[in-house]
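Asks: The structure is given below, and queries will be raised subsequently.
Since every read-out is calculated from the coordinates, none of them should be taken as a lab result. In this text the structure is predicted, and so the values were computed from the model without any measurement. Positions of Cβ are backbone-derived with ideal geometry, glycine not excepted, and every protein chain shown enters the neighbour counts.
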Amino acid sequence: MELRKIEDRGGEVFVRKYYDGVHFPPNVPGNVKDHLETLRNLKHKEGDILLNSFPKTGTHWTYDVLHMLLTGKAEYSIGKIMAMDYEPTEKFDALDSPRILVSHLYPKHIPKSVIDEKCKIVYIYRNPKDTAVSMHSFIKRLNIDGFKGYNGKWEHFLEMFATKQLQYNTWFEHVKSWLDYKEDNPDFPIMFVSYEDMKKMIDIPQNLRRCVQKMAEYLGAKQDPEFLDEVAKKCQFSAMSKAKTTDETETAFSRDGSNPFYRKGEVGDWKNWFTVAQNEIYDEVIEEKMAGIDLELKYTL
Ligand code: A3P
């Protein structure tokens with residue numbers, strides 16, 4: 001493992017743990033290698049599913065949808081979500097089945113048992129403009145080692161996000177690795193879910209059940225219409241962010257006691273952040289990097 005310093009134009013320094021081709025955030029334990037090795041050998045439990053994503057693409061949201069579907073109860077998970085990347089593996093051993101294993105890892109680093117047992121994987125993705133805005137706002141709110149003093153400017157952050165391997169490398173590389181994995185392993189059960197589709201379907205009443213229903217079908221979960229309605233209703237941003245305001249396991253991460261995993265929950269907020277020039281430059285980056293990535297992206301609803 002190598003500690004790499006990445007400096008933005010305003011002098012903000014990001015320290016990342018570089019290991020096996022990936023820039024990990026500082027809160028991945030120790031030298032990364034040992035943690036990943038233990039994780040690779042995580043023991044399987046019946047019904048395990050993996051929720052994987054690039055950070056800030058709606059992981060917590062999707063977790064609660066899946067959690068409700070798997071438990072058959074439209075109740076929020078409080079204090080339950082934890083990512084394998086940052087927590088000791090024993091914590092996951094202690095979870096009862098069916099477990100939702102969460103990570104931002106690349107396919108090559110996920111537990112062997114997930115592959116061997118062909119566990120269902122849900123990969124949530126979101127357009128990279130909103131993801132960039134969400135990540136910048138998020139890390140400014142964080143009170144954990146490696147992020148505490150960060151007060152970088154948006155324009156500097158965007159340059160880094162667009163061109164450098166900030167954490168988990170770039171959004172493009174991450175998404176591509178999972179699409180490639182699916183292409184190389186067509187029989188492997190991976191469901192790609194778009195944040196924008198969830199948002200559209202969950203917020204438009206006549207469609208709200210469709211997206212949740214698709215996931216329920218994929219998981220083989222209970223599908224009675226009233227239950228799915230209730231899940232969709234509870235997982236709308238307004239209701240969910242309110243319910244999570246006092247989740248202490250999450251508010252503990254923030255500088256001001258708020259829950260940093262909930263901000264606006266919108267599609268297209270990037271328009272309030274990108275200047276015309278920034279948008280033009282980033283569009284060029286997107287066009288270049290999306291070559292060979294077969295994914296339809298939505299920037300507005
Ligand atoms: P914003 O910062 O754009 O608001 P993650 O869980 O991967 O860290 O993603 C966080 C993003 O998902 C934040 O985006 C957060 O507000 C948004 N989010 C959380 N719950 C949501 C919900 N129920 N509906 C829509 N977006 C949600």
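Asks: Relative contact order for the chain: what percent, with Cα pairs under 8 Å and sequence separation of 6 or more?
Replies: Values: 429 pairs, mean separation 66.7, N = 301.
Averaging sequence separation for qualifying contacts and normalising by length gives 22 percent for the chain.
Asks: Sticking with this structure for a sec: If a/c stays under 1.5 just call it rounded; otherwise compare a/b with b/c (prolate if a/b is bigger, oblate if not). Do that for the stretch 164-301, with a ≥ b ≥ c from the square roots of the Cα gyration tensor eigenvalues.
Replies: Numbers: a/c = 1.66, a/b = 1.17, b/c = 1.43.
Taking the square roots of the gyration eigenvalues as a ≥ b ≥ c, the stretch 164-301 is oblate.
Asks: Let me ask you something else. Ordered by packing density, taken as the mean number of other Cβ atoms within 10 Å over each peptide's residues, highest first, how do 103-109, 237-243 rank? Display every interim value, and only then the final one.
Replies: Working: 103-109: 19.4, 237-243: 14.6.
Final packing ranking: 103-109, 237-243.
Asks: Also, quick follow-up: Which value at 222 nm does the chain reach when only helices count, each DSSP H run of 4 or more adding -39,500 (n - 2.57), with the total divided by all residues and rounded to the nearest 500 deg cm²/dmol?
Replies: For the chain, the value works out to -12000 deg cm²/dmol.
Asks: Now a separate question. Highest mean first, what order results for 190-199, 14-23 on Cβ atoms within 10 Å?
Replies: So the peptides 190-199, 14-23, ranked by packing, come out 190-199, 14-23.
Asks: If you don't mind, there's one more thing I want to ask. Over the Cα atoms of the chain, what Rg and Dmax result, in angstrom?
Replies: Radius of gyration, then largest Cα-Cα span, for the chain: 18.6, 54 Å.
Asks: Going through the cross-link list LYS214/LYS289; LYS56/LYS108; LYS129/LYS164, which pairs have a Cα-Cα distance over 19 Å in this structure? The partial results should precede the final answer.
Replies: Working: LYS214/LYS289 30 Å; LYS56/LYS108 21 Å; LYS129/LYS164 15 Å.
The answer is LYS214/LYS289; LYS56/LYS108.
Asks: From the phi of every residue in the stretch 146-153, what ³J(HN,Hα) in whole Hz does the Karplus formula 6.51 cos²θ - 1.76 cosθ + 1.60 yield, where θ is phi - 60° and glycine or proline is x?
Replies: x, 10, 2, x, 5, 9, x, 7
Asks: Compare the Cα positions of TYR86, ILE110, LEU142 along the charge dipole of the stretch 1-160 (+1 at Cβ of Lys, Arg; -1 at Cβ of Asp, Glu; about the Cα centre) and return the one farthest towards the positive end.
Replies: Projecting each Cα onto the dipole axis, the largest value belongs to LEU142.
Asks: Just how far, in whole angstrom, is the stretch 264-293 from the stretch 87-125 if you go by their alpha carbon centroids?
Replies: Value for the Cα centre distance between the two parts: 31 Å.
Asks: How large is the dipole of the stretch 2-289 about the Cα centre if only Lys and Arg carry +1 and Asp and Glu carry -1, each at its Cβ, rounded to the nearest 20 debye? Each step should come with its number before you reach the end.
Replies: On the way: 42 positive and 46 negative charges, 91 e Å.
Here the size comes out at about 440 debye.
Asks: Given H placed 1.01 Å from N in the peptide plane, which residues other than close sequence neighbours of ARG99 have an amide H under 5 Å from its amide H?
Replies: When sequence neighbours closer than 5 places are left aside, the close amide H contacts are ASP48, ILE49.
Asks: Now a separate question. Using θ = phi - 60° and the Karplus form 6.51 cos²θ - 1.76 cosθ + 1.60, what ³J(HN,Hα) does each residue of the stretch 91-100 get, whole Hz, x for Gly and Pro?
Replies: 4, 7, 4, 7, 6, 7, 6, x, 8, 9
Asks: Shifting gears a bit: Suppose the chain between THR38 and GLU226 were pulled fully straight at 0.36 nm per residue; how much longer would it get relative to their current alpha carbon spacing?
Replies: On the way: separation 188, 0.36 × 188 = 67.68 nm, distance 4.14 nm.
Result: 63.5 nm gained on full extension.
Asks: Within the set of other residues whose C-beta is less than 10 Å from the C-beta of LYS33, count the net charge using Lys and Arg as +1 and Asp and Glu as -1.
Replies: On the way: positive: LYS17; negative: ASP20, ASP34, GLU37.
Cβ neighbours under 10 Å give a net charge of -2.
Asks: Non-local amide H neighbours of ASP85 (under 5 Å, H modeled in plane, Pro and chain starts lacking H): which ones?
Replies: HIS104
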